[in-house]
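Novice: Can you read through this structure? Questions will come right after.
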Amino acid sequence: MPDIRGRFAPSPSGPLHLGSLLAAVGSYLTARSAGGQWLLRIEDLDPPRVAPGAGDAILRALEAHGLLWDDEPLYQSRRGDAYRAAMAQLQASGLVYPCACTRRELATIAHAGVDGPVYPGTCRDGLGTGRAPRALRIRVADQEFGLVDIVQGDYRHTLPQAVGDFVVQRADGLIAYQLAVVVDDADQGITQVVRGIDLLSSTPRQIYLQRCLGLPTPSYAHLPLLVDRHGAKLGKQTGAAGLDPKRASANLSLVLQALRHAPPAELYGAAPTTLLRWATQHWQVGRLAGRAEVVVP
Ligand code: GLU
């Protein structure tokens with residue numbers, strides 16, 4: 001395996017849009033500029049959130065933008081065995097327990113943390129009488145977990161205060177995103193995670209799971225969010241349109257400008273591969289240091 005392996009891990013809940021292109025380009029350039037590989041993972045873990053055909057559409061859109069990946073893409077929907085093995089390992093370590101609480105119950109008793117209500121530990125010492133198990137949670141250690149993010153700098157929190165014991169297997173039986181990502185990054189040999197800043201608050205949980213499972217911790221770079229001139233996020237939720245592959249060169253130029261790597265005037269209208277070659281030679285992720293948002297030009 002080469003030293004550096006980056007990845008792009010889109011959720012196929014819709015087509016590739018400008019915000020997700022930014023994450024794709026940022027992770028691609030960070031890996032390629034260091035002579036590394038760039039892998040793909042389709043995060044189709046949650047069937048109700050998968051839009052039919054979106055996974056293939058994302059692959060075609062990446063190709064149209066010259067973003068060619070190494071190896072076969074990994075599909076989370078085919079990873080049940082790997083997730084079950086990781087769950088078994090966590091259960092054997094005695095860290096996992098069943099929880100009967102519903103979202104509604106927790107919303108009324110828990111205070112807000114970095115990512116929703118902080119679990120107050122209601123079922124930590126066993127289920128109350130007549131209470132049926134729903135999700136499985138992992139006991140968190142009462143210590144600080146964090147990282148020095150390549151873009152955002154120092155980020156850390158104490159898990160019991162910021163999130164509490166968190167869900168590793170959902171009430172519907174599906175493995176939780178936090179655990180799936182950790183297992184997948186390790187199996188894909190990922191050494192470098194470059195993704196959107198919205199996932200920064202998940203990272204201490206993921207590092208905790210890596211420790212519990214004896215897995216290596218990659219480096220992390222959380223890219224700023226792409227916003228419009230009014231400060232609104234450009235994402236699926238706000239109905240950002242799928243990208244037109246015929247405008248691939250213009251789309252790449254926009255994203256490179258937003259990432260503070262505006263291509264020189266003579267490359268105006270150049271083919272995607274030409275733009276990416278230039279950007280790979282000039283890429284310095286440090287130009288984004290400390291930025292939580294960048295504005296689409
Ligand atoms: N699938 C997640 C998303 O599309 C990204 C997960 C990750 O990069 O760790 O937001």
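Novice: Evaluate the following for ASP149: is it at pLDDT 95 or above and within 13 Å of the ligand (Cβ to nearest atom)?
Specialist: no
Novice: Kindly state which helices (runs of 4 or more DSSP H) lie completely within the stretch 16-99 and contain at least 2 residues that are of a type in the set (S, T, N, Q) and under 16 Å from the mean Cα position of the chain (by Cα).
Specialist: The qualifying helices (runs of 4 or more DSSP H) are 18-32.
Novice: So the check is Cβ under 9 Å with 6+ separation or different chains; which pairs have a first residue in the stretch 66-95 that's under 30 Å from ALA270 (Cβ atoms) and a second one that's β-branched (Val, Ile, Thr) and not in a loop (DSSP other than H, G, I, E, B)?
Specialist: Final answer for the pair search is GLY66/THR273; GLY66/THR274; LEU67/VAL25; LEU68/THR273; PRO73/ILE42.
Novice: If I ask for residues that are in a loop (DSSP other than H, G, I, E, B) and surrounded by fewer than 18 Cβ atoms within 10 Å (Cβ to Cβ), which ones from the stretch 111-127 would you list?
Specialist: Result: HIS111, ASP115, PRO120, GLY121, ARG124, ASP125, GLY126, LEU127.
Novice: Being surrounded by fewer than 18 Cβ atoms within 10 Å (Cβ to Cβ) and of a type in the set (Gly, Ala, Ser) narrows it down to one of ALA279, ALA289, so name that one.
Specialist: ALA289 is the lone residue from the list that is surrounded by fewer than 18 Cβ atoms within 10 Å (Cβ to Cβ) and of a type in the set (Gly, Ala, Ser).
Novice: Say we look at the stretch 27-43 and pick out the residues that are closer than 25 Å to VAL227 by Cβ and within 11 Å of the ligand (Cβ to nearest atom); which of these is surrounded by the most Cβ atoms within 10 Å (Cβ to Cβ)?
Specialist: SER27
Novice: Can you pull out the residues in the stretch 114-133 that are within 26 Å of LEU199 (Cβ to Cβ) and out of contact with any Gly (no Cβ under 7 Å at 6 or more places or on another chain)?
Specialist: If the condition is that a residue be within 26 Å of LEU199 (Cβ to Cβ) and out of contact with any Gly (no Cβ under 7 Å at 6 or more places or on another chain), then VAL114, ASP115, GLY116, PRO117 are the ones that fit.
The values are calculated or read from the model by the stated rules, or taken from the named source; none is laboratory data. Predicted model only: the values in this text are computed from it and were never measured. A quick note on method: Cβ atoms are made from the backbone with ideal geometry, for glycine too, and the neighbour counts reach across all protein chains shown.
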